[in-house]
Amino acid sequence: MVDDKIQRRKFLYGAATAGVAGLAGCTGSSGGSEDSGSDGGSDGGSDSEDSGSDGGSDSNLSLRVGTSGGGTKNVGLAVERAVSQHSDSLDYATVESPGYVGTIYRMEQDQFNGGITDNNSLNKALNDTGSFEEKSVDEIPYFGFMAFPYSIYIVARDGTGIETFDDLAGKNVYPAQPGYSTRATTLDVWSQEPTKEIYDQMNIQNMGVSDAPGAMEEGRIDAAIAYGTPGAGYTGWVTEYDARIDVHYVEPTDALKESASMYAGAGSSTVAIEDWSMQQDIGTDEVFTWDLEVNYTFTPEANPDAVYELCRVVDEHNDAVNEAEEQFMDFESTSDMLKSARSNIPVHQGAAQYYKDNDAWDDSLTVGE
């Protein structure tokens with residue numbers, strides 16, 4: 001946060017916290033489709049006393065959480081169900097929102113005080129790039145906890161001669177539907193050094209995910225991304241081409257691994273295929289992925305006690321959320337909730353207090369003012 005715009009945002013965080021009463025009664029809705037705003041795929045300790053930040057008493061704690069369609073909405077509804085079962089103080093409601101980018105815009109407009117969005121969109125909002133280059137936001141929501149990843153890798157049709165990432169040069173490559181955050185994250189990783197030269201030679205295909213399996217079967221797509229949440233499964237159109245077409249894993253190069261590790265808007269990981277297998281043998285025991293990291297975030301005005309209570313529920317009753325929707329993170333410890341936290345995005349004060357109370361705080365992070 002070094003330029004004037006970001007310094008202005010930092011000031012607005014403090015001004016908002018000091019001067020706004022809070023959003024305990026905030027509601028909002030929108031009619032956007034699941035992919036129109038860059039969604040990813042198909043697409044604490046105990047109740048704390050209200051300190052006067054807003055809301056009056058524990059019984060008035062309220063969060064309205066903007067959630068886009070597909071798997072993201074399913075995760076939001078699973079969290080809402082867990083809150084209704086395991087909290088006597090928090091009123092939680094899921095509000096329809098048009099994708100991850102749209103959620104950031106609507107949170108700035110105070111249409112809801114919580115939202116599910118991703119690190120790549122947050123990073124672009126912070127730096128006025130991508131969708132935010134022409135229409136920026138003055139307020140970036142604070143991090144709460146990781147919801148789930150969309151982990152991404154590449155497969156190729158058998159018979160194409162594609163074995164490694166470098167072989168994608170000159171080939172017809174499908175990185176998901178335009179408007180999807182998995183596509184944006186993939187192209188952001190590929191288009192930077194040291195993979196830019198190979199990316200510039202790819203024939204990037206643009207079509208809807210409903211058409212992609214057929215295009216692969218007809219030979220019009222040579223390679224495509226595969227993605228989903230490890231342990232929970234793949235997104236719908238990936239399972240369709242997996243069932244119809246023989247494909248194999250495209251080995252990453254050192255350059256691809258470097259690009260993924262360098263890109264600020266994505267994580268990276270290595271996943272054992274036995275924990276996340278496709279219907280067919282794709283010729284590898286593990287896959288290297290770049291990860292679209294999806295988070296629960298909150299406006300600076302969101303009641304810290306409400307955020308604290310939500311953190312407590314998803315931590316102490318993580319199994320209840322997973323039973324309703326296995327895509328949600330399986331937290332082995334409280335510190336796992338911070339897996340996707342970034343030093344340039346402040347942690348909401350309610351969430352930060354929960355982590356501190358449970359010896360899970362990371363001193364490399366900052367607390368929102």
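The values are calculated or read from the model by the stated rules, or taken from the named source; none is laboratory data. Predicted model only: the values in this text are computed from it and were never measured. All Cβ positions, even for glycine, are placed from backbone atoms using ideal geometry, and neighbour counts span all protein chains on display. The accessibility values were calculated without ligands, DNA or RNA, using every heavy atom of the protein model including side chains. Shrake-Rupley method; radii C 1.70, N 1.55, O 1.52, S 1.80 Å.
Quick look at the values:
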read-out	value
Additional length obtainable on full extension of the chain from residue 215 to residue 138, 0.36 nm per residue less Cα span	23.5 nm
For q = 0.18 Å⁻¹, Debye-computed log10 I/I(0) when each Cα of region 157-199 counts as one equal scatterer	-0.58
Sulfur and carbon atoms: percent of accessible area, region 246-358 [1.4 Å]	36 percent
R0 of 30 Å, Cβ-Cβ distance residue 169-residue 239: FRET efficiency to nearest 0.05	0.60
Å² per residue, accessible surface of region 164-258 at 1.4 Å	37 Å²
Size-normalised alpha-carbon gyration radius of region 172-322, reference 2.2 N^0.38 Å	1.21
Relative packing of peptides 114-125, 357-368, 65-76, 247-258 - highest average C-beta neighbours within 10 Å first	114-125, 65-76, 247-258, 357-368
For region 235-369, convex hull volume per residue from C-alpha positions, Å³	144 Å³
Cα gyration tensor shape of region 76-227, rounded if a/c is under 1.5, else prolate or oblate by comparing a/b with b/c	prolate
Estimated FRET transfer efficiency (residue 196, residue 279; beta-carbon r; R0 41 Å; 0.05)	0.75
Percentage relative contact order, region 79-137, counting C-alpha pairs under 8 Å, at least six apart	21 percent
Highest average packing first - 186-197, 290-301, Cβ atoms within 10 Å	290-301, 186-197
Potential extension, residue 363-residue 88 segment - 0.36 nm per residue separation minus Cα distance	95.8 nm
q = 0.15, 0.21, 0.23 Å⁻¹, region 84-172: log10 I(q)/I(0) [Debye, one scatterer per Cα]	-0.74, -1.01, -1.12
Whole-number percent relative contact order across region 116-197, with pairs defined as alpha carbons under 8 Å at least 6 apart	16 percent
Mean separation of Cα contacts under 8 Å (6+ apart) over length of region 176-320, as relative contact order %	22 percent
